[in-house]
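*Asks:* Okay, handing you the structure first.
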Amino acid sequence: ALFVMAHEPAHAEGRHTVRRAALRETGPLLQTQEGGKPALRQADWEMEYQADARGAELAVKAGLQDARPVLKTLLQSSQDEEHPDGYERAVAVRGAFQALGVEVSENDWQILLEETQPKRDAQRRAQEKEEQYRQALARYV
């Protein structure tokens, strides 16, 4: 809860709402960036990573000492238009916490990965089915 309470104000501090609105206005002019990700999605994801890093910093300043619950929550979060893959976010946030002196041992990290694997697998399968549905629908439109 402390990380979320720090993460969300980090969006405000970074003026992400204003940036997102501006991007949405210019979105039709933007095509794609490298890797084929739409430019808007890429920008949204970069803002999420920024808010994650700043949220980690604020949470540690507020007294967070155990990053495992934060990492577990991120590992179980799913990717969408505004949020990058939970695993990738967790890796980045783990690095941010470690840079701030809040260590998560390799053993603890492996335990978190094992505990969250079933949910991550289910999310991956759901995303694959959604993509198949979109492709099938595109053939008829």
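*Asks:* Grab the other residues whose beta carbon is less than 15 angstrom from that of residue 62, score K and R as +1, D and E as -1, and report the net. Before the final figure, lay out each step's value.
*Replies:* Details: positive: 54, 61; negative: 8, 13, 57, 66.
Net charge in that neighbourhood comes out at -2.
*Asks:* Using the Cβ atoms and a cut-off under 12 Å, what net charge is assigned to the surroundings of residue 87, where Lys and Arg are +1 and Asp and Glu are -1? Mind dumping the intermediate values first?
*Replies:* Values: positive: 72, 89, 94, 119, 120, 124; negative: 85, 88, 121.
Once all neighbours under 12 Å are counted, the net charge is +3.
*Asks:* Also, I was wondering about something else. Accessible surface of residue 61 in the full protein assembly, 1.4 angstrom probe, to the nearest 10 Å²?
*Replies:* Counting only protein heavy atoms, the figure is 150 Å².
*Asks:* Then there is this: Accessible area, 1.4 Å probe, largest first: how do 5, 47 sort? Present the calculation step by step, with values, prior to reporting the outcome.
*Replies:* Values: 5 135, 47 0 Å².
Solvent-accessible surface, decreasing: 5, 47.
*Asks:* Within region 77-105, whose backbone N sits under 17 Å from a point 7 Å along Cα→Cβ of residue 8?
*Replies:* 83
*Asks:* Taking the Cβ of residue 130 as the centre, find all other residues whose Cβ is under 13 Å away and add up their charges (Lys, Arg: +1; Asp, Glu: -1).
*Replies:* In short, 0.
*Asks:* Compute the acute angle (0 to 90°) between the alpha-carbon long axis of helix 39-61 and the principal axis of greatest extent of the alpha-carbon atoms of the chain; round to the nearest 10°.
*Replies:* In the chain, helix 39-61 runs at an angle near 10 degrees to the longest axis.
*Asks:* Report in % the part of the accessible area of region 100-141 that belongs to carbon and sulfur, leaving out ligands and nucleic acids; probe 1.4 Å. Display every interim value, and only then the final one.
*Replies:* Working: 1740 of 3370 Å².
Percent of accessible area from carbon and sulfur atoms in region 100-141: 52.
*Asks:* Under a 1.4 angstrom probe, counting protein chains only, how are 129, 72 ranked by accessible area, largest first? Display every interim value, and only then the final one.
*Replies:* Working: 129 145, 72 70 Å².
So the residues, ranked largest to smallest area, are 129, 72.
*Asks:* Give me the accessible area of residue 4, 1.4 Å probe, in Å² rounded to the nearest 10.
*Replies:* It works out to around 80 Å².
*Asks:* Mean separation of Cα pairs under 8 Å and 6+ residues apart, divided by the residue count of the chain: what relative contact order is that in percent? Don't skip to the answer; put the middle values down first.
*Replies:* On the way: 120 pairs, mean separation 32.6, N = 141.
That works out to 23 percent.
*Asks:* Which residues among region 47-68 fall inside the zone where the amide N is under 20 Å from a point 7 Å beyond the Cα of residue 1, along Cα→Cβ?
*Replies:* Correct set: 55-68.
The values are calculated or read from the model by the stated rules, or taken from the named source; none is laboratory data. Since we're looking at a predicted model, the values are computed, not measured. Heads up, the Cβs are rebuilt from the backbone with ideal geometry, glycines too, and the neighbour counts pull from every protein chain shown. Ligands, DNA and RNA are excluded from the accessible area calculation, which covers all protein heavy atoms including side chains. Shrake-Rupley method; radii C 1.70, N 1.55, O 1.52, S 1.80 Å.
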